[in-house]
Amino acid sequence: MKKSSKAFRRIEPYLYLLPSSLLIVFMLGYPISYNIIISFFDWTLKNSEKTFNGLDNYIKILTDDKFFPILQNTLVWTILGVLLQMVVGIGLALVVDHMTRGKKYLRTIALIPWLIPGVVTALTWKWMLLSDIGIINFFLKLIGVTDANVLFMSDPKIALFTLIFVNLWKASPFWFLMITAGLQNKPIDQIESAKLEGAKSYHVLRHVILPHLSPVITSTGILTTIWTLNYFDLIWVTTKGGPMDATTTLPIYTYRMAFEFNNFGGSAALAVISLILVSLVCIPYLKKMFGDLKEQGVL
């Protein structure tokens, strides 16, 4: 009886997790599995019978002249966007943390862009960035930065970077929120000891505060990378991937492949490629998380 009771205690926590785990597997596992399966079929409006074609969808995508420029757009959009969000979010959190007055009000104001729905954000910035009647061009000409209207959404050279800036305004408050939460339990004793020993503010930030914030920065970076990589609303509402595919990313191309080109098999293959990219981002984080759990004796 003792052996059976010990065995039951070991598996008891997993029994509590079983219902939610089955629900997650059904809600996520089925759509992902179905998407992977149809990516090996020729499924279009012309061929609704779903003819098996093996790796043809993947071969066509990888040999398409559009794919690698779009992949490059996706990487620039994601990497540059997340790095800027991190720098602005951490910087703003550190500035507000050192303030003695107005912290509550500034924290509330800083979170407003993140709370606004994505479509509302996209439409608002689209109107403000219009080349002829947009308020941004009006102020740029008013202060003498430029004499001509800047084609923020129409110039292929700057359209993607314009959207990265808009997404920075939208997403950096999440970094601010997470870093602010991490700063609430910062090691005051270590900071005061470092200052007593003559350490400058830069050294305190580098050797005490940032290492303390490392777990928060890692988890927030993973989340924002996944969200940015899969972000659809802003790009679709403002430019629909134009001009000349300058702002087309993998989510935009996947949507167009399905609902404009009516190639559902190719769209599924693109979705699988996006899933692989997201998985590559998640693997280091999962390794670190499981490593920490092992050190704590949970696993």
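Please treat every number below as a calculation from the coordinates, not as lab data. Since this is a predicted model, take the numbers as computed values, not measurements. Methodologically, a virtual Cβ is constructed for each residue, glycine included, from the backbone with ideal geometry; neighbour enumeration extends over all protein chains shown.
Given R0 = 22 Å, the distance between the Cβ atoms of L28 and D233 translates into a calculated FRET efficiency of 0.55. Within the same chain, aspartates and glutamates fewer than 8 places from K126 are excluded, and of the rest, those with a Cα less than 20 Å from its Cα are D155, D233, D245.
In this simple spin-label approximation, R9 and L210 carry label points 7 Å from Cα along the Cα→Cβ vector, and these lie 4.6 nm apart. For the chain, a Gaussian network of Cα nodes joined below 10 Å ranks F67, F139, F152 by mean-square fluctuation, and the top entry is F139.
As a proxy for reagent exposure, K195, K104 were ordered by neighbouring Cβ count within 10 angstrom, fewest first; the result is K104, K195.
In whole angstrom, note down how far apart the Cα centers of the stretch 9-65 and the stretch 67-124 are. Here the two parts' Cα centres lie 32 Å apart. Placing a label point 7 Å from the Cα of D97 along the Cα-to-Cβ direction, the residues of the stretch 202-238 whose backbone N falls under 12 Å from that point are 204-217. A Förster distance of 30 Å, applied to the separation of the beta-carbon atoms of Y202 and I158, puts the FRET efficiency at 0.35.
The fewest-to-most ranking of H212, H207, H98 by surrounding Cβ atoms within 10 Å reads H98, H207, H212.
In the elastic network of the chain, a GNM with C-alpha springs shorter than 10 Å, the most mobile of Y253, Y14, Y285 is Y14. Seen from L71, the other residues with C-beta closer than 14 Å to its C-beta sum to a net charge of -2, counting Lys and Arg as +1 and Asp and Glu as -1. Would you mind telling me which residue in N167, N149, N185 has the biggest mean-square fluctuation in a Gaussian network model of the chain, where springs connect alpha carbons within a distance under 10 angstrom? Of the options given, N185 has the highest mean-square fluctuation.
Among Y30, G81, L286, which residue has its Cα positioned farthest towards the positive end of the charge dipole of the chain, with +1 placed on the Cβ of Lys and Arg, -1 on the Cβ of Asp and Glu, and the dipole taken about the Cα centre? Towards the positive end, the residue furthest out is L286.
In this label model, A148 and L80 are separated by 2.1 nm, measuring between points 7 Å along each Cα→Cβ vector.
Cβ crowding within 10 Å, taken as a proxy for footprinting-reagent exposure, orders T78, T44 from fewest neighbours to most as T44, T78. Please identify the DSSP H helices in the chain that span no less than 30 Å along the helix axis (Cα) and have a mean Kyte-Doolittle hydropathy of 0.5 or more. Qualifying helices, which must be both long enough and hydrophobic enough, are 67-98, 159-183, 264-295.
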